[in-house]
1. Quick one: net charge of Q40's neighbours, Cβ under 11 Å, K/R +1, D/E -1?
2. In what sequence, highest mean first, do 144-151, 110-117 appear when ranked by Cβ atoms within 10 angstrom?
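No value in this document is a laboratory result; all are computed from the given coordinates. Remember, it's a predicted structure, so these values are computed and weren't measured experimentally. Methodologically, a virtual Cβ is constructed for each residue, glycine included, from the backbone with ideal geometry; neighbour enumeration extends over all protein chains shown.
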Amino acid sequence: MSRRRIAWFVVVLVGLLSAAGLLWSMFGSDRLTFTAAELQSRLNQQLPRTVRDVTIERVNVALADNRLGLRIALQARVLQQPVSASVSARGVPRFAADEAAVYFDADEIKIEQLSIAGRTVLGEEGGRLGNTVRSALQGVAESGIKAYLAARPVYRFKDDVKGVVLKATLVDVAIEQNTLAVTFSLWTLTLAAAMFALILIILVLLIYWLIRHPHWGLNIVDAVVNG
């Protein structure tokens, strides 16, 4: 392939990418929203899974009153006893800029239901063994749940034109009403659209110049080769 064909290929490729970026910047949404069902589906991928001696079986997600609630079913072995439990937690959204992903951090983790060796323990029932297991399970559950959520993003930006623009314009990640809302800056999106438009204008002028002057640049190539 000649240098001129390579130049044309690069011009067309950059032009297509810039056109796609311009159209998305102009007509794309300034917000991404996720329902509780969508978040729950993402968090339950590849479950059950064992993390730090805790087997996460299922995660239920509830969104209400600008809060995200998590109810997690898990199993573990504590003090040589097989234990299963239902644990509640408050989900706090977090954007990891270095990974270009949105995660949940778990806060206010609380054991709601507890079974030891198949026997359900309610409240403070179960005597010394039940209280000791509950206390030990609290630390194990917190460690396992936080580690699992830290390794399971609920959204990850793609490494394409759209993803690059989104990462550069993100301003907030929050729970709003019954959705997780990821908000972007309209001003920055406008600047991105202007940048893509400028690239397109330059490419159009370059294409026009190449068509009007088909031998343009060949003398430079010859000079480099002969030199």
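1. Details: positive: R42, R58, R71; negative: E38.
Its environment carries a net charge of +2.
2. On the way: 144-151: 18.8, 110-117: 14.8.
The packing order, highest mean first, is 144-151, 110-117.
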